[in-house]
Structure formats: structure tokens, C-alpha cells
1. Condition (residue is modelled with pLDDT of 80 or more, under 30 Å from Thr567 (Cα atoms) and either among the basic types (Lys, Arg) or touching a Cys at 6+ places or on another chain (Cβ under 7 Å) (or both)) applied to the stretch 375-396: is it met by at least one residue?
2. From the list Thr310, Thr255, Thr305, pick out the single residue that is more than 24 Å from Lys218 (Cβ to Cβ) and buried (at least 18 other Cβ atoms within 10 Å of the Cβ).
3. Only residues in the stretch 75-96 that are aromatic (Phe, Trp, Tyr) count as the first member; pair them with residues that are crowded, with 21+ Cβ neighbours inside 10 Å, Cβ under 6 angstrom, at least 6 apart or cross-chain, and list the lot.
4. Output the qualifying pairs, or none if there are none: Cβ atoms under 6 angstrom, residues six or more apart or on different chains, first residue in the stretch 103-116 and polar (S, T, N, Q), second residue buried (at least 19 other Cβ atoms within 10 Å of the Cβ) and not in a loop (DSSP other than H, G, I, E, B).
5. Which of (1) in the same structural domain as His69 (by TED's automatic domain parsing); (2) surrounded by fewer than 17 Cβ atoms within 10 Å (Cβ to Cβ) is the odd one out, the single condition Ala171 does not satisfy?
6. Just one of Glu228, Glu220, Glu185 is closer than 30 Å to Asp85 by Cβ, in contact (Cβ under 8 Å) with a residue 12 or more places away in the chain and either hydroxyl-bearing (Ser, Thr, Tyr) or out of contact with any Asp or Glu (no Cβ under 9 Å at 6 or more places or on another chain) (or both); which is it?
7. So, in the stretch 476-529, of the ones that are buried (at least 21 other Cβ atoms within 10 Å of the Cβ), within 32 Å of the chain's Cα centre (by Cα) and among the charged types (D, E, K, R), which residue ends up farthest from Val141 (Cα to Cα)?
8. Going residue by residue through the stretch 114-121, is there one that turns out to be in a loop (DSSP other than H, G, I, E, B), of a type in the set (Phe, Trp, Tyr) and at negative phi?
Amino acid sequence: MDFQSKKLINDPNDVVTEFIEGLVETYPGLQYLDGFPDVKVVMRADVSGETYDKVAVISGGGSGHEPAHAGFVGEGMLTAAICGDVFASPTVDSILAGIRSVTGSKGCLLIVKNYTGDRLNFGLAAEQAKSEGYKVEMVIVGDDCALPPPRGIAGRRGLAGTIFVHKVAGAAAACGLSLAEVAAETKRASEMVGTMGVALSVCTLPGQVTPDRLGPGKMELGLGIHGEPGAAVADLQPVDIVVTHVLNQVLSTETNYVPISRGSRVVLMVNGLGATPLMELMIVAGKAVPKLQLEHGLAVERVYTGSFMTSLDMAGFSISVMKADQNILNRLDAPTKAPNWPVGSGGNRPPAKIPVPLPPSRSKMNNETMSRPEQLSPNGHILEVAIEAAATAVINLKDSLNEWDSKVGDGDCGSTISKGASVILEDIKKSYPLNDPAETAREIGCSIRKVMGGTSGIIYDIFFKAAYAHLKANMSSGLTAVQWAGALESSIDAVSKYGGAKAGYRTLLDALIPAATVLKEKLTAGEDPAEAFIISADAAVTGAESTKNMPAQAGRSSYVSADILATVPDPGAMAVACWYRAAAVAVKNKYHQAS
């Protein structure tokens, strides 16, 4: 029977903020940013981005996994942790606030668990920070060994092994290494670790009813950290049998999740999921070590037992095994003041709160570039008609996009993209600096961000932020068609990097990638730019229509049967083909008029 779980909280909507307030009062080495409500950033009290001379290491994600991530902020580990709401990715604004607060001249490394929301929000924040002049790299951690190698872009989830990666990165940064060196060590560490979890109960979100998914005498194998179902439900077994199964799965030679073989040196983490007594965790650790040594032939160099990455009040544990050479051992052994690895530091208490840093003031920028100029240049006129034609075409395609999406998604693709197109048509008349293509690209992203929700809004914002960065870096010698083609390639790379999709995944990239390829080929061959644009638009249309023949490997369509997918093209790709072709036709007409 469902029942309301007992929680020692006030308002369920305030639990994350009130957790942070208690955390910084408990540990004087930490403080948090005090600002608008969705900024929840815990940072080292001794670090300021204006003076920090080492690589900043930033991680984060949804709350409910305490002590991760805020409990691992401290000298020698994380520089800042971005806290989302319970089991929800933090906002882009919150991530940006953290980056601006602690990132100095050597840049920052973002360590992100492999979940779509985290990848997209941290990815967009990274692109925005780069456009503001910060050096940013990102490492994705996917250490889940519970599921078979996935089809598509979902990939392995980020679990408790991420804490090992935090420690390696923080120790490397503390040594004064460059951003590239810290990122390389961190990425290598992320490839050395595997994790699998076991649950005896389901967690309860604050203020919600306790789910009744697991019956008496049952356990769940291979679960994530957000209360989602695991790979299998089985009868509860003695811990010896459970530990054997978990270790066999993590170290399987068939799946090769981790590069560990007999004779390897390893470190072990036994992690409680929130409601598991330390006694039971120690029993697990006591059984796991001899199994690793005797059954798998491994040298167990370190054992870490406790609660590192929980799932609220879930009963259960996860086991992480990491291959460890001497360098990794040195990084794990390096001193840190992070309170939960394993204790906090003393010292004088600084102010618990500091103001949220503001982004670079738009008022400092040239007024002409930040508002619509009274007199448009010839190129400004061309840019204007292209934007207006593209936005209008997408609005006219709204019903068709919704119809396609109703068969392969949630039926709102046309409505969502139409909202973005409508606000673009409003803003272009008021504020787009059309004589400055780079700033215009950034403003388009800002317009979209205001009204387009879900994954599509983030993806298009990333697309235009990346275009802005490329154009800004290449406009000094005058903007050419080749540079526009380069901006398109940069945007595609950014969307693929942070979203995870590639050609053939049945996404908007299946229209964009052929268009970019053909555009570059035609321009390189000396084709008239307007004609090259038209020809590349034909490639976009062909690419979009070809998605009918593709299995879906991203988004909601990946859950739809192949028979249904074959009846309609991907709505996102068709939307791209529509606005891209409309823009190409408008440019050709205007270009020839100007000639």
C-alpha cells in the first residue's frame, strides 16, 4: 500500500537550499553563492576566479546523492559543485555562475556524469563560458556495468565511480598541471572504473508517496542512482552470492567494461545508497576483497567503504572497481580538505555567503553591435531576409511537424520550434545587430532559450552559441562564405559533442551534416556562394527524408518500433531541412538582387 514517507524537512521545494545552508555552517572551508533561486553552487571558500592560479575542477548534478557532489568540494578535490534540484540536472545559469566564480587564467574542467540532461546543460554552459573567454574542457563519466553495451547514444550511466575520477582530477589540478594535462588524466581515470549497484528498497522523493515496486524478499540488480528500475529483479540472496554476481558483472571479459585482467592492481569502493547501515557495508567490503584477490587474481591496493554517492533513502549498495597504476594511487592518496574524503578541515570561518558574479556587462559592448542598426549593410540585409525566411518557413510547417512527431515522439515538435521561430521574428525587428553576424548568432540563441523548452531548445542554443564563437574568432579579416561554412561545421560538432548523436542516428544532424559537407565541397570547388547554399539545401532535404530508413538511436523515437519509424521522417531533421532551404532561397534571391 502506498504511504507518505516520513522526512525531516520543511517545504519539499526548499530541501536543496536548506541542505546547502547546513553544509556550509558545518564545514568552514566551504561557502555558497547567494543569488537568484536556481543558483545552488557550493565552492571552496579560499578560491576566487579573479586570482586562482590552478585549473578549477567543477562537477555536479541532481541533488539527493549526498555527500556527492558538494561534500567533495575542497582543496585537492573539487573546486565547486553545482547542485540541481532532487534528481534534476542543474540549470545552465547555475553552472555558469560556478564557472565564473572559481575559474582563473588556467581554465576549468567540468566532470559530468553520463545523463542527457547533465550533458546538455553542462555542455551549453561550457559553450557560453568559452564565448566569454574562459578555457573549458569537459569529461563525461559513464562507469555503469549493469546493462549490456547500449544501442544509440544513451551509453553507460555515471555512478559512484565518478568520485574516484573527482579525486584524480582534483589532485592533478592541485599539482599545477595545465588544463589539457588535467583533462587527459581525468579522462583516463574515467576509463579505468566500473560500477554496479544493488537495491533492497526504492527511494522516496521529498513530499512524494513511497513507490511500491519491490515486493517482500526481492532485490533489484543494476539500478541507477535516481530510483529508476534496475536491469533485473531477483529473490534476496546472502551477501556472498550478491557480491560474487556484482564482481563478475563488473569484471566480465565478455563485455570488457573495464580494462582489468588477472594481475592488475585495483582499488575498491563499497558505496552505501543512503539507508544501508555501515555494518552491512563493511560486510560487503569484507567479502569483496578476498573474492577480488583469490577468484579474480587482482591486487587490491586500497579499499574505500562508506556512503559516497547515495540515492536519498534507498537501501542497498554499489561496488566500484578501478584499475590503479602508481600515478592513480598517488592521486588518490594526495591530501585533500574535501569534507567527505573522508573528513572536513578546520580553520577560520569565512563568510558563508558571497554574491553571485554577474556575466560580462552588455553595456560595456559597443552599442551598435547590441541593437538593431538604423542602416543595414548589404550583408546585413541578406542576413535579415535569410533569418525571416527560415523562421517563417518553420512556422508554416508546424502542423506537419506535430503530426510526424505524434507518431514517433510526444507530438509537440512543431509547436516547440514554432515558438522559437516566432520570438526570432519579434526580436529581429528590435534588437538583432544584423551588421554583426557573430552577435546576431548569439542573439538568436538567446531568443530561442527564452521560449523553447526541452532538449530541442538546448540543442538549438548550443548550435548558435558555437556559431557565434566561430564567427567571432574569424571575422577580423572579413566574413566570407567559407567562414559561414566553418561556423556551420563548428555548430554541428558542438551539437554532436554535447548531445552525443552522430550521422545515422535519426536526428536533426542527418540534415545538417550532408548540408555542411556539400556546402564545403562546392565552395572549395569555386562554386558561386549562393548556388552552393542552394545545392547544400538540397542535400539537407535529402538527408532529412532519408531518416525514414534509419533506426532511432536518440531521444523518444528510440523507444518506437521500426515499422512505425519507417512511415515518417524525423521531425527535427525535417525542420532543419525546411528552415535551411528557405534561408538558402532567400539568400540566393537577395544576393543576385545585390549583384
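The values are calculated or read from the model by the stated rules, or taken from the named source; none is laboratory data. If you're wondering where the values come from, they're calculated on a predicted model, not measured in any experiment. So basically every Cβ, Gly included, is an ideal-geometry build from the backbone, and we count neighbours across all protein chains shown.
1. Step one: list which residues in the stretch 375-396 are modelled with pLDDT of 80 or more, which gives 375-396.
Filter once more, keeping what is under 30 Å from Thr567 (Cα atoms): 389-396.
Now drop any that are not either among the basic types (Lys, Arg) or touching a Cys at 6+ places or on another chain (Cβ under 7 Å) (or both), which leaves 393-394.
Within the stretch 375-396, one or more residues are modelled with pLDDT of 80 or more, under 30 Å from Thr567 (Cα atoms) and either among the basic types (Lys, Arg) or touching a Cys at 6+ places or on another chain (Cβ under 7 Å) (or both).
2. On the way: Thr310 fails: more than 24 Å from Lys218 (Cβ to Cβ); Thr255 fails: buried (at least 18 other Cβ atoms within 10 Å of the Cβ).
Testing whether each residue is more than 24 Å from Lys218 (Cβ to Cβ) and buried (at least 18 other Cβ atoms within 10 Å of the Cβ) leaves just Thr305.
3. Qualifying pairs under 6 Å: Phe87/Gly62; Phe87/Gly64.
4. Thr103/Ala56; Asn114/Ile140
5. The single condition Ala171 does not satisfy is (2).
6. Values: Glu228 fails: in contact (Cβ under 8 Å) with a residue 12 or more places away in the chain; Glu185 fails: closer than 30 Å to Asp85 by Cβ.
Just one listed residue meets the conditions, Glu220.
7. Here the residue is Asp510.
8. To start, the set of residues in the stretch 114-121 that are in a loop (DSSP other than H, G, I, E, B) comprises 114-115.
When the remaining residues are screened for being of a type in the set (Phe, Trp, Tyr), the result is 115.
Keeping just the survivors that are at negative phi gives 115.
Checking the stretch 114-121: at least one residue is in a loop (DSSP other than H, G, I, E, B), of a type in the set (Phe, Trp, Tyr) and at negative phi.
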